[in-house]
1. Applying the selection to segment 18-49, what residues are over 25 Å from T144 (Cβ atoms) and either in contact with a strand residue (DSSP E or B) (Cβ under 8 Å, 6 or more places away or on another chain) or open to solvent by less than 40 Å² (accessible area, probe 1.4 Å) (or both)?
2. So which residues in segment 88-144 are aromatic (F, W, Y) and either in a helix (DSSP H, G or I) or open to solvent by less than 60 Å² (accessible area, probe 1.4 Å) (or both)?
3. So for segment 98-116 (the condition being farther than 20 Å from A155 by Cα and at pLDDT below 90), does at least one residue qualify?
4. Of all residues in segment 145-158, count the ones that are surrounded by fewer than 18 Cβ atoms within 10 Å (Cβ to Cβ) and within 12 Å of the chain's Cα centre (by Cα).
5. Cβ-Cβ under 6 Å, sequence separation 6+ or interchain: first residue in segment 157-170 and over 12 Å from K22 (Cα atoms), partner surrounded by 15 or more Cβ atoms within 10 Å (Cβ to Cβ). Which pairs?
6. From the residues in segment 9-41 that are within 27 Å of V88 (Cβ to Cβ) and charged (D, E, K, R), which one is nearest to the chain's Cα centre (by Cα)?
7. Of the numbered conditions (1) exposed (fewer than 11 other Cβ atoms within 10 Å of the Cβ); (2) within 19 Å of M24 (Cα to Cα); (3) modelled with pLDDT of 95 or more, T57 satisfies every one except a single condition; which is it?
8. Is it the case, given these coordinates, that F71 is within 18 Å of E152 (Cα to Cα), touching a Lys or Arg at 6+ places or on another chain (Cβ under 7 Å) and open to solvent by less than 80 Å² (accessible area, probe 1.4 Å)?
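The values are calculated or read from the model by the stated rules, or taken from the named source; none is laboratory data. Bear in mind that the values here come from a model prediction, so they are computed numbers and not experimental data. Because the Cβ atoms are built from the backbone with ideal geometry, glycine has one as well, and the counts that use them run over all protein chains shown. What goes into the accessible areas is simple: the full protein's heavy atoms, side chains included, and nothing from ligands, DNA or RNA. Shrake-Rupley method; radii C 1.70, N 1.55, O 1.52, S 1.80 Å.
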Amino acid sequence: MNNLTDGNSVDNEFHNTVEILKSMMEICSIHCARIRLAQETLNHLFPFTAEKIQHFTTIELGMTDLLVHRFSKLQDTIGDKVFPLLLVILGENIEHKSFIDRLNMLEKLNIVSNVNRWREYRSAHNAATHEYPHNFELMADNLTRISVLSNELCAFWDALVIQINEKIASL
């Protein structure tokens with residue numbers, strides 16, 4: 001009876017982890033949808049310049065905030081929630097593993113193709129979240145960078161969703 005109970009416990013834990021992962025996937029998909037909405041609204045301003053930024057409308061300003069915020073949330077949720085949950089579901093031991101160690105594990109599993117790109121996402125996030133009220137050139141560079149990386153990150157997310165669903169279905 002103990003083995004049956006232990007087996008049910010493991011099955012329940014696995015099922016709960018999968019459900020949490022699915023919930024995080026829904027959140028990431030919402031982030032991508034909001035990123036795409038912001039980019040669609042701002043498309044006529046790309047690439048950003050200091051001159052364009054100085055003349056943003058209230059809506060354009062709000063959309064740039066939305067773009068930066070959702071890029072940051074997407075990158076954080078994938079890195080801090082989705083990746084660890086996926087590794088656990090795949091049977092990887094992530095206890096006491098750093099973020100870079102987890103990325104390396106994902107690269108070996110062909111889930112992440114370029115670990116250094118994740119450093120770029122984090123760097124862009126950090127640069128864009130700082131306010132530079134009088135440096136419009138820097139703001140333009142940061143927004144252009146975030147816009148490009150947002151497209152890339154959402155494309156990665158779309159492909160990752162397919163991989164996750166295939167891996168879950170095969171377990």
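1. Listed by number, the residues that qualify are V18, L21, M24, M25.
2. From segment 88-144, those aromatic (F, W, Y) are 99, 118, 121, 132, 136; that's our starting set.
Correct list: F99, W118, Y121, F136.
3. no
4. 4
5. Taking only residues 6 or more apart or on different chains, the pairs are W157/C28; W157/C32.
6. Taking the candidates together, the pick is E26.
7. All conditions are met except number (2).
8. Working: within 18 Å of E152 (Cα to Cα): yes; touching a Lys or Arg at 6+ places or on another chain (Cβ under 7 Å): no; open to solvent by less than 80 Å² (accessible area, probe 1.4 Å): yes.
Judged against the criteria, F71 is not a match.
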